[in-house]
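A.B. asks: Dumping the structure here so I can ask a few things about it.
Read the figures in this text as sums done on the coordinates, not as results from a lab. A quick note: this is a predicted structure, and the numbers were derived from the prediction, not measured. Here the Cβ positions follow ideal geometry from the backbone for every residue, glycine too, while neighbour counts run over all protein chains shown.
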Amino acid sequence: MTSIPRAEQPMRNPAQPEKSNQHKPTRRLKSPAGGPRWSIPAAAGAALALVGGVALWSAPGRADAAPDRVPGAHAAGFTVVAAGDIAEQCTAKDSDCEHAKTAALVKKINPAFVLTMGDNQYDDARLKDFKKYYDKTWGAFKDKTHPVAGNHETYDPAGALAGYKAYFGSIAYPKGKPYYSFDQDNWHFIALDSNTLDSAELAWLKADLAATSKKCVAAYWHHPLFSSGEHGNDPVSRPVWKLLQDAKVELVLNGHDHHYERFAPQDPDGKADKNGIVELLGGMGGANPYKIEEVQPNSEKRLTNTFGVVRLNFTDNGFSWDLIGTDGKTKDSSPSYQCH
């Protein structure tokens, strides 16, 4: 996986502090000599600048910020919003209801579609709770949402995933299973149910990967193989990673731990690999934040106590993303990556 540094962005106003500890100088990374560069129309670059960036820095105990993208690093062929761990039992009437605020970000960004990485509704994901809470905020984008289930969707007293299936219907079960795939432009997206990664689902995944003719592939599910948070690494998806690595998949998105984290390309055993998979953990959609417990190898950036959404920019040849906080500010920016 080839990463391309980002263009330098304006420094953040010191009068607008982050929710963090004291700053320390960031370590700037250089792109490989002779590395590829992309060009975009001026209008696309202006749109990126309008969303804004903050000064790249790292608080104590956190990984260094992303290297800047080069000028014109990417043109968004289409934009996607992603987050996991979303709807606590609160509404916009409650001033501290974070999923109402993250939903407002989705509305403002107006993406081509929305990805949710599980634990969409707390605590037991009953249908009545979906209707009372999730539907009042993120439900506004239901018709263009491609969800996956988390562990909280299995706690429903009516049966595992009962409320989830009843609420989302064929959106979450387009072929009668809680895992599916779909295409957008030159990208193939794979949604998995990590609650029951059995042989049937793995066989389906292997066949799906073999069938796609798209150049770029992203997969998403709830439980991350790698995480520096309270849940930590979950080996349940290692067989999935092995299939994805063999198929030269670009990107994996997860939730479960309630923080934001991005990793450098790595293999299923956690070894740095420039041809490996980039993992993005986006569990900051609205649920109570978790602590960073044990920093994992290849973890490049970690943020907790930061609610927001990930705005992903996809082209026919690559991708990048920005973490947008509920205050509208860019909290982190990834490098630009080229598809394998």
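A.B. asks: Classify segment 228-340 from the C-alpha gyration tensor, please: rounded if a/c falls under 1.5, else prolate or oblate depending on whether a/b exceeds b/c.
C.D. replies: It comes out oblate by the Cα gyration axes.
A.B. asks: For A140 and D96, FRET efficiency with R0 = 22 Å and r from the beta-carbon atoms, rounded to 0.05?
C.D. replies: 0.60
A.B. asks: Would you please name the GluC sites (Glu not before Pro) within segment 231-300 that are DSSP coil residues with at most 16 other C-beta atoms within 10 Å of their C-beta?
C.D. replies: E293, E294
A.B. asks: Quick check: Cα centre of segment 221-282 to Cα centre of segment 144-173, how many Å?
C.D. replies: 23
A.B. asks: A further question on this structure: Once you have a ≥ b ≥ c as the square roots of the Cα gyration tensor eigenvalues for segment 121-262, tell me rounded if a/c is under 1.5, and otherwise prolate or oblate according to whether a/b is larger than b/c.
C.D. replies: Verdict is prolate for segment 121-262.
A.B. asks: Calculate one ³J(HN,Hα) per residue across segment 219-227 by plugging θ = phi - 60° into the Karplus curve 6.51 cos²θ - 1.76 cosθ + 1.60, and present them in order as whole Hz with x for glycine and proline.
C.D. replies: Per residue, the Karplus-derived 3J(HN,Hα) values read 10, 8, 7, 7, 7, x, 5, 10, 7 Hz.
A.B. asks: Taking K128 as the anchor, which aspartates and glutamates have their alpha carbon closer than 20 Å to its alpha carbon, excluding any fewer than eight residues away along the same chain?
C.D. replies: Correct list for K128: D85, E88, D94, E98, D119, D143, E153, D156.
A.B. asks: Which of K107/K144; K108/K144; K165/K331; K248/K271 have a Cα-Cα distance over 23 Å?
C.D. replies: K165/K331
A.B. asks: Please list the non-local residues whose amide H lies under 5 Å from the amide H of E300, H modeled 1.01 Å from N, same-chain partners needing a gap of 5 or more.
C.D. replies: Here the answer is R262, F263, A264, since their amide H atoms fall under 5 Å of that of E300.
A.B. asks: If R0 is 35 Å, what FRET efficiency do you get for D273 and K329 from their C-beta distance, rounded to 0.05?
C.D. replies: The pair D273/K329 has a calculated efficiency of 0.60.
A.B. asks: Let me ask something else. For D198 and D123, what is the calculated FRET efficiency with R₀ set at 22 Å and r taken between the beta-carbons, to the nearest 0.05?
C.D. replies: 0.30
A.B. asks: Each label point is 7 Å from the Cα along the Cα-to-Cβ direction; what then is the distance between the points at A162 and A211, in nm?
C.D. replies: Label at A162, label at A211, 3.1 nm between them.
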